[in-house]
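Colleague: Below you'll find the structure I mean.
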Amino acid sequence: MSTLFVSYRKEDTSGEAGRLADELQHALGRRFVFRDAVSISPGDQWDDALIEELAAAKIVLVLVGPKWLATLTDRLSDQRVDYLHKEVATALAARKRVIPVLLRGEPLSPADALPADLKALTSCQTMSLRDEAWSTDVNRLVDAIGRPYRYDLLTLRAIGAVTLITMAVWRLAAALAPDRAADFDFLRTVELTLIGLYALAELLFGYRHSRALAKRRRPAHG
């Protein structure tokens, strides 16, 4: 299940949603980001997939474009099914962290223009994505969300660390402890000790990062 749920209207912000989701997946990892157009597999039940992903998500991004409010109002008036309305109302009711993302200079609608189950959206801190500063604004959004600890790169980091430790121990032994340079048991003990310290540091940093990230992703309203 994904950590980040991207909620958008296809007729309004489909292009920005795809562009943003691609950049978020690159920054955070593909498995952390859900966008219905690419994240629901063929044959999956649409409603069930949305419900499951929304329930699992820690953060919901609500993309607001020029047609966001007009489409919401139209679908309320003729009682058509509005998946975006359901997504946002469900996220707010579940007290998830909801971030309205304002596109093309569109302001967030005032509370009196929204139905009762969406009024809380106006209390959520917004972020704007501007075409002329897209990369900068996306980086600000990623920083606000919090970058996950890159466990997917753990193997590469571990291989690099072990290689560096091994080379350092065997090359520095002659200079720092010439009388033990040929003592393979001693060198192996030093090497394993340093590798153990690296593994401990990796676990500690990962734990502290995860705790800080969980704290940052708690809903601002509770």
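All of the numbers you see were taken from the coordinates with simple rules; none came from a lab. All of these numbers come straight from a predicted model, not from anything done at the bench. Cβ: placed from backbone, ideal geometry, glycine included. Neighbour counts: every protein chain shown.
Colleague: Which length gain, in nm to one decimal place, applies between Ala199 and Ser123 when the Cα-Cα distance is subtracted from 0.36 nm times their residue separation?
Modeller: Details: separation 76, 0.36 × 76 = 27.36 nm, distance 4.29 nm.
Using 0.36 nm per residue and subtracting the Cα-Cα distance, I get 23.1 nm.
Colleague: So, counting K/R as plus one and D/E as minus one, what does the shell of residues with Cβ under 12 Å around Asn139 add up to? Intermediate results must be reported in sequence, preceding the final value.
Modeller: On the way: positive: Arg140, Arg147; negative: Glu23, Asp137, Asp143.
Residues close to Asn139 contribute a combined charge of -1.
Colleague: For Ala93, what charge total do you get from the other residues with a beta carbon under 15 Å from its beta carbon, if Lys and Arg give +1 and Asp and Glu give -1?
Modeller: On the way: positive: Lys86, Arg95, Lys96, Arg97, Lys119; negative: Glu87, Asp117.
Around Ala93, the charge tally is +3.
Colleague: How big is the Kirkwood radius of the range 4-145, worked out from every pair of different alpha carbons and given in Å to one decimal?
Modeller: Details: mean 1/r = 0.0650 Å⁻¹.
That comes to 15.4 Å for the range 4-145.
Colleague: Right, another one. How charged is the neighbourhood of Ala120? Take every other residue with its Cβ under 13 Å from the Cβ of Ala120, and add Lys/Arg as +1 and Asp/Glu as -1. Kindly include the intermediate steps, with their values, before the conclusion.
Modeller: On the way: positive: Arg95, Lys96, Arg97, Lys119; negative: Asp117.
Counting the neighbours of Ala120, the net charge comes to +3.
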